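The values are calculated or read from the model by the stated rules, or taken from the named source; none is laboratory data. None of these values were measured; they are calculated from a predicted model. Glycine gets a Cβ as well: all are built from the backbone with ideal geometry, and neighbour counts include every protein chain shown.
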């Protein structure tokens with residue numbers, strides 16, 4: 001079966017490239033990330049079109065891998081800083097929202113995290 005992006009889709013409805021990414025990135029824990037995606041179909045969606053990262057990886061990183069910052073999730077866990085055209089800037093607010101819900105952040109902390117990530121993007125782009 002092929003999804004609307006032209007990617008092969010497996011029996012569990014995730015595109016083949018996403019499954020391969022999950023298997024590579026999460027190894028034997030890959031089925032647990034898929035379970036997160038099954039809880040909510042929105043979490044099975046790609047974060048950035050054309051890249052294999054899905055939203056289920058965000059709560060999984062927070063809940064199971066103790067990710068504590070926007071930079072940790074967007075840069076280290078999802079690699080969007082270097083792989084996404086916008087360096088993950090568009091995804092950062094939603095990542096911050098997930099972190100805020102889990103870690104009980106207030107608006108000030110969310111804004112601080114987003115500023116810090118934007119500064120990281122600026123620093124990275126200085127050397128491109």
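Going by what's in this entry, would residue 124 be described as over 17 Å from residue 13 (Cα atoms), more than 12 Å from the chain's Cα centre (by Cα) and at pLDDT 95 or above?
Spelling it out, it is not the case that residue 124 is over 17 Å from residue 13 (Cα atoms), more than 12 Å from the chain's Cα centre (by Cα) and at pLDDT 95 or above.
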Enumerate the helices (runs of 4 or more DSSP H) found wholly within region 12-92, keeping only those where 2 or more residues are outside the structural domain of residue 108 (by TED's automatic domain parsing). 16-26, 30-39, 57-65
Within region 119-128, residues closer than 14 Å to residue 70 by Cα and either outside any helix (DSSP H, G or I) or touching a helix residue (DSSP H, G or I) at 6+ places or on another chain (Cβ under 8 Å) (or both) come out as 120, 121
Of the conditions (1) touching a residue at least 40 places away in the same chain (Cβ under 8 Å); (2) on the phi > 0 side of the Ramachandran plot, the single one that residue 79 does not satisfy is (1)
Restricting attention to region 100-113, the residues that are surrounded by 14 or more Cβ atoms within 10 Å (Cβ to Cβ) and out of contact with any helix residue (DSSP H, G or I) (no Cβ under 6 Å at 6 or more places or on another chain) number exactly 3
